[in-house]
Amino acid sequence: MQIKGLVDREKGTVSRRLFSDRGIYEQELENVFARCWLFLAHESQIPNPGDFVAAYIGEDPVLVVRDSRGNVNAFLNTCRHRGMRVCRADQGNAAAFTCTYHGWTYGNDGKLVGVPGYKEYYYEELDMEQWGLVPVAQVESFHGLIFGTFDPRLRRSANIWAIWPGTWTSSSTA
Ligand code: FES
């Protein structure tokens with residue numbers, strides 16, 4: 001989709017298509033939201049082990065969680081069994097998240113820790129290690145601001161301050 005010409009810098013006008021065109025929106029999802037560091041939460045929102053807050057990366061719901069060991073993680077808020085949203089609260093504190101559909105339970109570190117019928121239906125052969133919540137590929141805290149990206153190749157830190165050019169310099173990063 002051609003988007004050049006939709007912004008006229010001389011006249012200071014912006015085409016309304018930028019706000020309503022489905023094709024432009026899908027380009028943004030693919031080229032921006034899927035490939036950039038995005039702000040997810042502030043550390044002050046999850047100060048204690050087990051604290052979590054819901055966020056989005058593009059249209060994908062994610063959970064930002066401080067696990068019981070104090071590490072900050074982010075996961076797709078989607079059950080690995082049949083795709084139900086694992087947590088429906090916007091924020092709170094939890095040692096584990098139990099899917100309301102069939103009861104799969106995930107620790108606050110994203111690991112699958114409980115499956116109803118593990119013996120009877122799965123004959124104890126389900127590899128629990130393989131079925132944890134899908135992690136956001138990279139998560140980084142920057143002056144308390146927690147960013148995440150689904151792009152595993154994106155350089156850490158370097159792209160974060162590019163979000164607000166001129167706001168910070170590399171020497172101001174922790
Ligand atoms: S969809 Fe979550 S346990 Fe089945």
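Identify all residues within the range 115-131 that are within 13 Å of the ligand (Cβ to nearest atom) and among the hydrophobic types (A, V, I, L, M, F, W, C); write none if there are none. I'd like the intermediate steps shown before the answer.
Let us first name the residues in the range 115-131 that are within 13 Å of the ligand (Cβ to nearest atom), namely 115-118, 121-122, 126, 131.
Hits for the range 115-131 are 115, 126, 131.
Restricting to the range 36-55, name every residue that is in a strand (DSSP E or B) and in contact with an Asp or Glu (Cβ under 8 Å, 6 or more places away or on another chain).
Initially, the range 36-55 is screened for residues in a strand (DSSP E or B), giving 38-42, 51-55.
Within the range 36-55, 53, 54 qualify.
Scan the range 1-21 for residues that are surrounded by 13 or more Cβ atoms within 10 Å (Cβ to Cβ) and in contact with a Gly (Cβ under 7 Å, 6 or more places away or on another chain) and report the count.
Final tally of qualifying residues: 0.
Looking at the range 74-83, can you tell me whether even one residue there is more than 13 Å from the chain's Cα centre (by Cα) and among the hydrophobic types (A, V, I, L, M, F, W, C)?
As a first pass, look at the range 74-83 and keep what is more than 13 Å from the chain's Cα centre (by Cα): 79-83.
Okay, now just the ones that are also among the hydrophobic types (A, V, I, L, M, F, W, C), so 79.
Yes.
State which residue is surrounded by the most Cβ atoms within 10 Å (Cβ to Cβ) when the search covers only the range 89-114 and only residues that are more than 8 Å from the ligand (Cβ to nearest atom) and assigned to a loop (DSSP other than H, G, I, E, B). Working first, answer last.
Initially, the range 89-114 is screened for residues more than 8 Å from the ligand (Cβ to nearest atom), giving 89-98, 105-114.
Add one more test, that the residue is assigned to a loop (DSSP other than H, G, I, E, B), and what stays is 89-90, 94-95, 108-111.
Numbers: 89: 12, 90: 9, 94: 16, 95: 12, 108: 25, 109: 18, 110: 20, 111: 15.
The residue in question is 108.
Determine if the range 56-69 includes at least one residue that is in a strand (DSSP E or B), surrounded by fewer than 16 Cβ atoms within 10 Å (Cβ to Cβ) and either over 15 Å from the mean Cα position of the chain (by Cα) or not basic (Lys, Arg) (or both).
Yes, some residue in the range 56-69 is in a strand (DSSP E or B), surrounded by fewer than 16 Cβ atoms within 10 Å (Cβ to Cβ) and either over 15 Å from the mean Cα position of the chain (by Cα) or not basic (Lys, Arg) (or both).
Given (1) surrounded by fewer than 15 Cβ atoms within 10 Å (Cβ to Cβ); (2) over 30 Å from residue 128 (Cα atoms); (3) over 17 Å from the mean Cα position of the chain (by Cα), identify the lone condition not met by residue 24.
Of everything listed in (1) surrounded by fewer than 15 Cβ atoms within 10 Å (Cβ to Cβ); (2) over 30 Å from residue 128 (Cα atoms); (3) over 17 Å from the mean Cα position of the chain (by Cα), residue 24 misses just condition (1).
Just need a number here: residues in the range 118-156 that are more than 16 Å from residue 65 (Cβ to Cβ) and either part of a strand (DSSP E or B) or not assigned by TED's automatic domain parsing to the domain that holds residue 103 (or both).
So the answer is 3.
Does at least one position in the range 72-88 carry a residue that is part of a loop (DSSP other than H, G, I, E, B), away from the ligand (no atom under 14 Å from the Cβ) and either aliphatic (A, V, I, L, M) or modelled with pLDDT of 95 or more (or both)?
Going residue by residue through the range 72-88, those that are part of a loop (DSSP other than H, G, I, E, B) are 77-88.
Within this subset, residues satisfying the condition of being away from the ligand (no atom under 14 Å from the Cβ) are none.
No: zero hits.
The values are calculated or read from the model by the stated rules, or taken from the named source; none is laboratory data. Just so it is clear, the model here is predicted, and its values are computed rather than measured. Quick reminder, even Gly has a Cβ in these numbers, built from the backbone with ideal geometry, and neighbours come from all protein chains shown.
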